[in-house]
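What follows draws every value from the coordinates through simple rules; no lab data is involved. This one's a predicted model, so the numbers in the text were calculated from it and none came from an experiment.
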Amino acid sequence: MEKIEILLSNQFYIDKISKTKLIAYKSFRKTKKDKGYEWYNKREKLKLGIQLCDFLNTDFHSFENVKKFIDQYSVSAIAEIGKVPIYTYYTENEYNEMVKTVIEKTADKIKKIQKVFIKDIEYIYNLNNLEELSELSPAQRLYILRTRKEKSQLLNIFEHNKIKLCFNNFGDFNQFPITKEEDAQEIAKFVRDSETLPYNYLCENIIPSFIIELFELTSIENIEIKKCKNCGKFFVPEKRSDELYCNNIFENDKTCKEVGPFKVKQKLMEENNDLKVYRNVYQKLLLRTRRNPDNTQYETEFIAFKKKNAELKEQINNGELSQEEYINWLNEQ
């Protein structure tokens with residue numbers, strides 16, 4: 001089968017009323033005849049924020065994680081970042097080698113971009129619970145990022161990517177290139193003023209689409225990005241903006257939403273039990289010191305216990321010591 005290089009492009013359609021993102025991109029599927037891979041135009045409809053969260057949650061230094069992302073959203077979504085040419089047809093071995101090459105050439109670049117996204121998203125949605133941001137809306141926090149002296153690296157990335165926008169039907173594309181973040185803001189303002197006007201845009205790789213998606217999310221009430229209290233992954237709440245757990249499978253075919261509350265309750269019980277053991281040991285050593293004021297060794301051991309306890313607690317927080325090892329040490333005192 002003849003191989004022709006594909007012009008990489010990803011098309012996205014935003015509908016703020018239904019809070020959805022329609023995606024069209026060049027993907028690959030196995031041929032029935034020779035088990036090779038041929039390209040085709042794939043379309044997918046997602047809730048706003050879903051694809052962005054999948055990007056945030058992908059470990060781009062893990063081959064299997066990136067392969068999963070590529071299988072879901074197509075290799076064309078990131079191939080341009082590594083300047084890897086994509087063709088219309090591959091044998092099975094050629095396809096696997098091409099995917100491997102894309103991952104190797106894009107992983108470091110995407111990981112850096114991902115860190116910038118996470119930093120800005122944590123700020124915009126105040127995921128670190130900073131008191132000075134608590135009274136501000138996501139849109140107001142985004143405005144701060146746009147206007148402060150040290151401009152957001154995310155917006156710098158946006159300004160270096162050419163995007164073509166269109167306000168017509170999906171697939172009916174006019175040339176409307178924008179390269180500056182302020183241009184995008186003008187377009188976003190036009191869309192907001194029009195209230196119901198959907199629009200679509202075209203970009204060579206998927207990164208600029210995430211930035212526009214983030215712009216849109218900040219302008220919609222009752223939809224935001226959260227971080228799961230159980231697994232730590234980013235997610236968009238399904239119903240309520242105050243949801244704490246995502247719907248990702250965590251263990252035994254159960255989601256974080258199913259096991260999260262139980263695990264938190266269990267952790268609190270364990271911490272309470274650990275605290276009870278600590279207090280018993282502390283009181284024992286304290287009373288021994290007070291009852292024997294002339295015994296300097298007891299006082300020295302009590303001071304050493306408090307110092308060692310603080311060191312071990314820090315080791316637990318750093319992941320250098322398990323809770324079980326800590327309790328064993330307490331019981332030996």
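Set the Cα radius of gyration of the stretch 1-145 against 2.2 N^0.38 Å, with N its number of residues, and you get 1.24. Roughly what % of Cα-Cα distances in the stretch 37-78 sit above 12 Å, to the whole percent? Summing the P(r) of the stretch 37-78 above 12 Å gives 65 percent of all pairs. At 37 °C and a viscosity of 0.692 mPa s, what translational diffusion coefficient does Stokes-Einstein give for the stretch 1-86, taking Rh as the Kirkwood radius over Cα pairs? Give it in µm²/s as a whole number. The estimated diffusion coefficient comes to 229 µm²/s. The stretch 68-137 has equivalent-ellipsoid semi-axes of 37, 11, 9 Å, by the square roots of 5 times the alpha carbon gyration tensor eigenvalues, sorted largest first. When the C-alpha to C-alpha distance is required to be over 32 Å, the pairs from K42/K109; K33/K112; K111/K239; K47/K100; K30/K119; K21/K67 that qualify are K33/K112; K30/K119.
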